[in-house]
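Here the structure is laid out as structure tokens; the discussion comes afterwards.
The values are calculated or read from the model by the stated rules, or taken from the named source; none is laboratory data. Because the structure is a prediction, the values reported are computed rather than measured. Here the Cβ positions follow ideal geometry from the backbone for every residue, glycine too, while neighbour counts run over all protein chains shown. The protein model used for the area step is the full one, side chains on, heavy atoms only, and it has no ligands, DNA or RNA in it. Shrake-Rupley method; radii C 1.70, N 1.55, O 1.52, S 1.80 Å.
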Amino acid sequence: MKTTTERAAEALELLPEEMREPAVAYLLEQAEKYRLLKGLVAEGLDDVSAGRVSEWNFGDFLREARSRTQPE
């Protein structure tokens, strides 16, 4: 059975030459987004483990935000 990398390389070979570079750029862009998201999720899980997360009420949050933005 072929690896994912081998299959990806074969798929790129099937593309016309002018489409290969944009395809690789797209894959790299998606991989970077995934890497950043993975880091943010790990950071959030670390916050939960360290007790830096608390439950909150969205309605209360909106009321507080509105009260701070309204003129007195």
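Brief remarks follow.
- GNM top mover of Glu18, Glu29, Glu55 - the chain, alpha-carbon springs below 10 Å: Glu55
- Its Kirkwood hydrodynamic radius, worked out from the mean inverse distance over all distinct Cα pairs, puts the chain at 17.0 Å.
- Rolling a 1.4 angstrom probe over the protein heavy atoms with all chains in place gives the chain an accessible area of 96 Å² per residue.
- Placing +1 on each Lys and Arg Cβ and -1 on each Asp and Glu Cβ, with no other charges, gives the chain a dipole about its Cα centre of roughly 260 debye.
- ³J(HN,Hα), Karplus 6.51/-1.76/1.60, whole Hz, each residue of region 26-38, x for Gly, Pro: 5, 4, 5, 4, 5, 5, 5, 4, 5, 4, 5, 4, 4
- Most fluctuating residue given options Leu40, Leu15, Leu27, as computed from a GNM of the chain linking Cα atoms under 10 Å: Leu15
- Oblate is the label for region 29-69. Its Cα gyration tensor axes, ordered a ≥ b ≥ c, give a/c of at least 1.5 and b/c at or above a/b.
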